[in-house]
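Worksheet: the structure to be examined is printed underneath.
The values are calculated or read from the model by the stated rules, or taken from the named source; none is laboratory data. Bear in mind that the values here come from a model prediction, so they are computed numbers and not experimental data. Here the Cβ positions follow ideal geometry from the backbone for every residue, glycine too, while neighbour counts run over all protein chains shown.
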Amino acid sequence: MISTWCAHRLRPASAREWKHGGVSTATDSSTIEQQLIRRREAVAAAWDLDDAIVLISAGELISRPGRADATYRFEAHTEYYYLTDRNRPHGVLAFDPAAGWVDFVAPVTADDRLWSGAPAAGPEGPTTDDLEAWLRQRRARAIAGLGAPPPATLAADVTLDRQLSEELRFDLDVVRRPKDPVELERMRTAERATGAAFAVAAGLIEAGVSERQLQVEFEAEALRRGADAIAFETIVGSGPNSAVLHFAPTDRRLGTGELVLIDAGGEYLGYASDITRTYPVDGRLDPEQRELHAVVHAAQRAAIDRCAPGAEWRDVHRVAAATIAEGLAAHGLLRGDPETLVESGATWLFSPHGIGHLVGLGVRDAAGPLRQRRHDPKPFPNLRMDLPLEPGMVVTVEPGVYFVAAILGDPERRHRFRDQVDWQQVDRLLGFGGIRIEDNVLITADGHEVITADVPVLR
Ligand SMILES: [Mn+2]
């Protein structure tokens, strides 16, 4: 497959487009341009198309319901962003195996200049106004669509081949999973900002401080220290709220003797960090908190130890679950051998999510299934991916132990696990909350590197 894509078709790459006046200051522009060339060549080679063409769309602004012309913050579809490094709506990156890549960018409008400070000169090269003519020259050829749905103005003339689109997405995901040097540099920038924010938030923890205050100070510090956005809704849960997996912070004040769980991350040029720590409000864990915190930490270390090229993600999950089962059995909450407790689902009652996910371009990177596993059932409930690890992937490893009333109060489960669970202990611990510890782990050629290791597990 010959790639005739030429550098002059590559516009100055900037994630924030005109707001930052072109190329990002923190990233060598030749490097991102080189990476865009490499990414496009790798994708074209993986697709190996004869005749079909491909449209990869950025997506449109999304209206906020009932709020007139207000829209959500725009985020280009990750498939478009990965191949263009551009975060503007309406654009379409087109690929024809015979003619290479063409980057159709939305023309700059008078409104863009008025409301968003777009420069007077519009983009050079083809705009989305030229896309119809490009498609007319390729009538009768199959069209795959990736990214967002193509612009509504085209939709009438374009019939996407769904099956082909799905096939090409498998290949694109394979190319996207290993992070390249530009991606890793952005992730490390996001990580440094996130680490600084954890240091500030951890230092503020004491009885009487609210979850919201911790959120505000965390986010402010992350943005001050180099993040350009917050990667996902910041989670701060104190006391019983720490058992809610994605708890949105409230004005609840931290109480003496409680735990507080912070799961948060900064983002930089589209790339995320995703870290969780669970701290004692008083600066010291009580004996039972210490025991359960140690169980989660041991599970995390065992899981991270498994992270290496070729390791199956389901096995990383399994070793963490077995370590949790062993720890809860030693505590007395569970009865039985770890393997059986994992297989029966008894461990899941206290640890009801998967061990982690890919992180990178956004907080859930390209974790779609392998083509040959597309119809396989999930090996564990709520496991977010089922892939062998390979060098360059970045995964979160985030085991947890929680006392969730919605799970543990269920009479049917209490009956089914009457022999494996000490329900009296469970009743005593229903207000305990939860503990999660999460780091981001880069798979290297011979093992792994914990890229979030600068954030202490406890303060
Ligand atoms: Mn996570």
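What pairs come out if I take residues in region 230-256 that are among the hydrophobic types (A, V, I, L, M, F, W, C) and pair them with residues that are surrounded by fewer than 16 Cβ atoms within 10 Å (Cβ to Cβ) and at pLDDT below 95 whose C-beta lies under 6 Å away, six or more apart or interchain?
As it stands, the answer is none, since no pair meets every condition given.
Would you say SER344 is in contact (Cβ under 8 Å) with a residue 24 or more places away in the chain, farther than 30 Å from GLY392 by Cβ and of a type in the set (S, T, N, Q)?
yes
Go over the candidates LEU164, LEU172, LEU93, LEU160 one by one and state the one that is assigned to a loop (DSSP other than H, G, I, E, B), within 30 Å of ASP386 (Cβ to Cβ) and within 30 Å of the chain's Cα centre (by Cα).
LEU160
How many residues does region 267-289 hold that are more than 16 Å from the ligand (Cβ to nearest atom) and either among the basic types (Lys, Arg) or buried (at least 23 other Cβ atoms within 10 Å of the Cβ) (or both)?
5
Can you tell me which residues in region 331-383 are among the polar types (S, T, N, Q) and either crowded, with 23+ Cβ neighbours inside 10 Å or part of a loop (DSSP other than H, G, I, E, B) (or both)?
Correct list: THR347, SER351, ASN382.
Just wondering, is there one or more residues in region 421-438 that are touching a strand residue (DSSP E or B) at 6+ places or on another chain (Cβ under 7 Å) and more than 21 Å from ARG290 (Cβ to Cβ)?
yes
Being away from the ligand (no atom under 16 Å from the Cβ) and within 23 Å of the chain's Cα centre (by Cα) is the filter here, so list the residues in region 320-347 that pass it.
Within region 320-347, just ALA321 meets the criteria.
Specify which of the listed residues (GLY360, GLY356, GLY368, GLY332) is in the same structural domain as GLY195 (by TED's automatic domain parsing) and more than 30 Å from LEU172 (Cα to Cα).
Step by step, each of GLY360, GLY356, GLY368, GLY332 is checked, and only GLY332 is in the same structural domain as GLY195 (by TED's automatic domain parsing) and more than 30 Å from LEU172 (Cα to Cα).
Test GLY409 against the criterion of being under 20 Å from the mean Cα position of the chain (by Cα) and either away from the ligand (no atom under 16 Å from the Cβ) or surrounded by 13 or more Cβ atoms within 10 Å (Cβ to Cβ) (or both), and give yes or no.
So GLY409 does not fit the description; no.
Could you count how many residues in region 418-434 are crowded, with 22+ Cβ neighbours inside 10 Å and more than 15 Å from the ligand (Cβ to nearest atom)?
The total comes to 2.
Restricted to region 384-401, and to residues that are more than 13 Å from the ligand (Cβ to nearest atom) and in a loop (DSSP other than H, G, I, E, B), which residue is nearest to the chain's Cα centre (by Cα)?
It comes out as MET393.
Here is a check on your reading of the model: is LEU131 buried (at least 19 other Cβ atoms within 10 Å of the Cβ) and closer than 30 Å to PRO388 by Cα?
Against the criterion (buried (at least 19 other Cβ atoms within 10 Å of the Cβ) and closer than 30 Å to PRO388 by Cα), LEU131 does not qualify.
Given the structure, is ARG290 under 28 Å from the mean Cα position of the chain (by Cα) and basic (Lys, Arg)?
no
Only one of GLU79, GLU41 is in a helix (DSSP H, G or I), closer than 15 Å to GLY145 by Cα and of a type in the set (Asp, Glu); which?
Only one candidate qualifies: GLU79.
Give the number of residues within region 361-372 that are within 12 Å of the ligand (Cβ to nearest atom) and at pLDDT 90 or above.
Qualifying residue count, region 361-372: 4.
Is it true that some residue in region 305-319 is assigned by TED's automatic domain parsing to the domain that holds ILE205, within 16 Å of the ligand (Cβ to nearest atom) and of a type in the set (A, V, I, L, M)?
There is at least one residue in region 305-319 that is assigned by TED's automatic domain parsing to the domain that holds ILE205, within 16 Å of the ligand (Cβ to nearest atom) and of a type in the set (A, V, I, L, M).
Condition first: more than 19 Å from ASN440 (Cβ to Cβ) and without any contact (Cβ under 8 Å) to a residue 60 or more places away in the chain. Now tell me which residues in region 161-199 satisfy that.
Within region 161-199, ARG162, GLN163, SER165, GLU166 meet the criteria.
Within region 421-456, which residues are under 22 Å from VAL244 (Cβ atoms), outside any loop (DSSP other than H, G, I, E, B) and not charged (D, E, K, R)?
VAL421, TRP423, GLN425, VAL426, GLY434, ILE435
Checking GLY226 against (1) within 16 Å of the ligand (Cβ to nearest atom); (2) closer than 18 Å to GLU191 by Cα, which test does it fail?
It fails just one condition, (1).
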